[in-house]
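The values are calculated or read from the model by the stated rules, or taken from the named source; none is laboratory data. Everything numeric here is computed off the predicted structure, so don't read it as measured data. Cβ sites come from the backbone with ideal geometry, for glycine too, and all protein chains shown count toward neighbours. Surface areas here come from the heavy atoms of the whole protein model, side chains and all, with no ligands, DNA or RNA. Shrake-Rupley method; radii C 1.70, N 1.55, O 1.52, S 1.80 Å.
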Amino acid sequence: WSCRVSCAAELLLLGCGRERVGAMATPRIKGLLILDSNDGSRVHAKYFAKELRDAQVQLAFERNLFTKTRGQSARSDAEIVMLENTVCVFRSGIDVTFYVVGALEENELVLVSVLDAMYEALNGILRSHLEKRTLLDNLDLVLLTADELVDGGLILESDPMAIANRVLMKGATGTEVPMNELTISQAWQSAREQLAKSFRN
């Protein structure tokens, strides 16, 4: 009987260990940010970590992040900084900076792949116009890109072409999505485009 109890305890410990290992092995993102390169104001931010849910905490974090990364050029490759128990990777656009925030123990290469996916997907969607004005004018596409990339802190997709195709309603492979699978905003956008085409003809 005591053997059964000790075997059950070992199995329970092994199970807990497996859950912990599984939780640690799943990459998680704490936040996706786009800040103005000149003054650090928010263009877009989406936070997934509980400790970054409060608006005042977010603004303070963004201010500190901007101060720490200001003046560093990261146009072609991502740069990495550590700030307030987080690892932040960033890359610059024309007058904006893209950030991906992760936990200290998170793999920087995973964070960089998420950053590159967001940067390249938006670069393709917006035809290389990664500037504040263009991002604000197309904020719906920025929001959809973030939603296709990360959900609840979990990475959904890291292929920029697949993300861009889904955001532009072409499906992951670049083919048109059937009308019954579109969201309401996507269907509305599709109807506007068809109406504009009919007026041009």
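Take the conditions free of Cβ contacts under 8 Å to residues at least 40 places away in the same chain, loosely packed, with under 14 Cβ neighbours inside 10 Å and either hydroxyl-bearing (Ser, Thr, Tyr) or in contact with a helix residue (DSSP H, G or I) (Cβ under 8 Å, 6 or more places away or on another chain) (or both) and apply them to Thr26. Does it pass?
Numbers: free of Cβ contacts under 8 Å to residues at least 40 places away in the same chain: no; loosely packed, with under 14 Cβ neighbours inside 10 Å: yes; either hydroxyl-bearing (Ser, Thr, Tyr) or in contact with a helix residue (DSSP H, G or I) (Cβ under 8 Å, 6 or more places away or on another chain) (or both): yes.
For Thr26, the condition - free of Cβ contacts under 8 Å to residues at least 40 places away in the same chain, loosely packed, with under 14 Cβ neighbours inside 10 Å and either hydroxyl-bearing (Ser, Thr, Tyr) or in contact with a helix residue (DSSP H, G or I) (Cβ under 8 Å, 6 or more places away or on another chain) (or both) - is not met.
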Q. Can you name the residue in the stretch 62-74 that is part of a helix (DSSP H, G or I) and without any contact (Cβ under 8 Å) to a residue 24 or more places away in the chain and, of all such residues, is surrounded by the most Cβ atoms within 10 Å (Cβ to Cβ)?
A. Lys68
Q. Across the stretch 100-114, which residue is most open to solvent (accessible area, probe 1.4 Å) among those that are part of a loop (DSSP other than H, G, I, E, B) and in contact (Cβ under 8 Å) with a residue 40 or more places away in the chain?
A. Glu105
Q: Please go through the stretch 142-157 and pick out each residue that is in a helix (DSSP H, G or I) and open to solvent by less than 10 Å² (accessible area, probe 1.4 Å).
A: Val142, Thr145, Ala146, Leu149
Q: Consider only pairs whose beta carbons are under 7 Å apart and that are at least six residues apart or on different chains; among these, list those whose first residue lies in the stretch 131-160 and is free of Cβ contacts under 8 Å to residues at least 12 places away in the same chain and whose second residue is open to solvent by 50 Å² or more (accessible area, probe 1.4 Å).
A: Leu156/Glu148
Q: Tally the residues that are touching a residue at least 12 places away in the same chain (Cβ under 8 Å), surrounded by fewer than 18 Cβ atoms within 10 Å (Cβ to Cβ), not in a strand (DSSP E or B) and not charged (D, E, K, R), restricting the search to the stretch 75-99.
A: 2
**Q.** Within the stretch 118-136, considering residues that are buried (at least 19 other Cβ atoms within 10 Å of the Cβ) and aliphatic (A, V, I, L, M), the one nearest to Ser37 (Cα to Cα)
**A.** Leu130
**Q.** Subset tally (residues that are surrounded by 13 or more Cβ atoms within 10 Å (Cβ to Cβ), modelled with pLDDT under 95 and outside any loop (DSSP other than H, G, I, E, B)) for the stretch 37-56
**A.** 1
(Q) So Leu139 ticks every box in (1) modelled with pLDDT under 95; (2) surrounded by fewer than 16 Cβ atoms within 10 Å (Cβ to Cβ); (3) farther than 16 Å from Asp36 by Cα but one. Which box is left unticked? (A) (3)
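Every residue, every condition in (1) closer than 14 Å to Ile29 by Cβ; (2) hydrophobic (A, V, I, L, M, F, W, C); (3) over 14 Å from the mean Cα position of the chain (by Cα), yes or no:
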site: Val81; (1), (2), (3): no, yes, yes
site: Phe90; (1), (2), (3): yes, yes, no
site: Val100; (1), (2), (3): yes, yes, no
site: Glu105; (1), (2), (3): yes, no, yes
site: Val110; (1), (2), (3): yes, yes, no
site: Leu115; (1), (2), (3): yes, yes, no
Q: Could you check, for the stretch 179-194, whether at least one of its residues is at pLDDT 70 or above and within 29 Å of Gly102 (Cβ to Cβ)?
A: no
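Condition first: among the β-branched types (Val, Ile, Thr) and over 21 Å from Ile155 (Cβ atoms). Now tell me which residues in the stretch 59-112 satisfy that. So that I can check it myself, show each step before the final result.
Filtering the stretch 59-112 down to residues among the β-branched types (Val, Ile, Thr) leaves 67, 69, 80-81, 86-87, 89, 94, 96-97, 100-101, 110, 112.
Passing the criteria: Thr67, Thr69, Ile94, Val96.
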